[in-house]
1. Among the listed residues ASP184, ASP252, ASP192, which satisfies the condition of being of a type in the set (D, E, K, R), touching a His at 6+ places or on another chain (Cβ under 7 Å) and surrounded by 19 or more Cβ atoms within 10 Å (Cβ to Cβ)?
2. Quick check on GLN106: is it at pLDDT below 95, within 17 Å of the chain's Cα centre (by Cα), open to solvent by 70 Å² or more (accessible area, probe 1.4 Å) and not aliphatic (A, V, I, L, M)?
3. Identify the residue in the stretch 18-60 that is out of contact with any helix residue (DSSP H, G or I) (no Cβ under 8 Å at 6 or more places or on another chain) and without any contact (Cβ under 8 Å) to a residue 24 or more places away in the chain and, among all such residues, is surrounded by the most Cβ atoms within 10 Å (Cβ to Cβ).
4. Determine whether the stretch 65-87 contains at least one residue that is open to solvent by 50 Å² or more (accessible area, probe 1.4 Å) and either within 15 Å of the chain's Cα centre (by Cα) or closer than 17 Å to ASN214 by Cα (or both).
5. In the list LEU69, LEU82, LEU57, LEU44, which residue meets the criterion of being at pLDDT 95 or above and touching a Phe, Trp or Tyr at 6+ places or on another chain (Cβ under 7 Å)?
6. Go through the stretch 189-248 and report how many residues are assigned to a strand (DSSP E or B) and either in contact (Cβ under 8 Å) with a residue 12 or more places away in the chain or closer than 22 Å to ALA153 by Cβ (or both).
7. Please go through (1) open to solvent by less than 10 Å² (accessible area, probe 1.4 Å); (2) of a type in the set (Ser, Thr, Tyr); (3) in contact with a helix residue (DSSP H, G or I) (Cβ under 7 Å, 6 or more places away or on another chain) for SER167 and return the number of the only condition it doesn't satisfy.
8. Would it be correct to say that GLN90 is assigned to a strand (DSSP E or B) and either exposed (fewer than 15 other Cβ atoms within 10 Å of the Cβ) or not charged (D, E, K, R) (or both)?
Amino acid sequence: MYIDDLLGKARLHINDPENHPSLSLPKVWGQGRTAYGGVSAAMLLAAIQEKVETGRLMRSFNCNFVGPLLLEQPFTIDVEVLRQGKSASQVVARAIQDGKTSILCQVCFGVARESKVKVVNKDTHDMSLPKKAKFLPQIPKVTPKFLRFFDLAIDKGKLPFTGSKKSLIHGWMRYTNPPESITDAHLIGLIDSWPPTVLQMLRWPAPASTMCWNVEFIHPHTALQPTDWFAYQSHTRQAEDGYAHTEANIWDQKGELIAISRQAVAIFD
């Protein structure tokens, strides 16, 4: 089941919850015992967007992964509009499974306004556009199942559990099967596809889980194409006591910064 199908089901659930009382994620979107965080977060965003006035752009996306969202088990999405102001909207959504909140998202939307303040982004990268994906092959019971939906091309950094002394990943990403269009929900589903940078510092497999995730979207930016590659550069800002803080920049294929991502990751080594 491709991401467009899942986003469509999430929107339908909000539009017609009585006839579509629950959702579920198939095993192909698995990440261990839980669903891949990027796709579950994208589904919550798709549901949120159904409650927001047209023309309001997403400025900030905050997501807390409270507990596992189990695969092939029913869950519902509950959306609450906290405020719909003149220029900004604040909306919260929860994925609820077995009566418990598994994921909590708060999203801020804002309309474009005239302003005398303008600061041009100067963050750039020098990575060459890849010709094909080059990351992890599909290895049964080893490689996360959801990776089959993404093309990842690593440019700098190491694979997880290789004992690297550094903690960074530079590379490119796109959907293996391009969606009909690239929306903010598609970007959320894509950005989380890379493993946490700290995993490459370990010498043997160990569980790790994103606790909270923040993505700030940069506007305006040029139109995005479904087949485009997106550049990604992430590094660990700090790690200790079983927790790590990572930060990433995301550029479009033309080199324009479109998002800034930050995560707090729990490591169980």
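1. After applying the criteria, what remains is ASP252.
2. Taking the combined requirement at face value, the residue does not satisfy it.
3. ASN19
4. Taking every residue of the stretch 65-87 in turn, at least one turns out to be open to solvent by 50 Å² or more (accessible area, probe 1.4 Å) and either within 15 Å of the chain's Cα centre (by Cα) or closer than 17 Å to ASN214 by Cα (or both).
5. Working: LEU82 fails: touching a Phe, Trp or Tyr at 6+ places or on another chain (Cβ under 7 Å); LEU57 fails: at pLDDT 95 or above; LEU44 fails: touching a Phe, Trp or Tyr at 6+ places or on another chain (Cβ under 7 Å).
Residue meeting the stated conditions: LEU69.
6. 24
7. It fails just one condition, (1).
8. Values: assigned to a strand (DSSP E or B): yes; either exposed (fewer than 15 other Cβ atoms within 10 Å of the Cβ) or not charged (D, E, K, R) (or both): yes.
Against the criterion (assigned to a strand (DSSP E or B) and either exposed (fewer than 15 other Cβ atoms within 10 Å of the Cβ) or not charged (D, E, K, R) (or both)), GLN90 qualifies.
The values are calculated or read from the model by the stated rules, or taken from the named source; none is laboratory data. Remember, it's a predicted structure, so these values are computed and weren't measured experimentally. Cβ: placed from backbone, ideal geometry, glycine included. Neighbour counts: every protein chain shown. Each accessible area value is taken on the protein alone, full model and side chains, heavy atoms only, with ligands, DNA and RNA left out. Shrake-Rupley method; radii C 1.70, N 1.55, O 1.52, S 1.80 Å.
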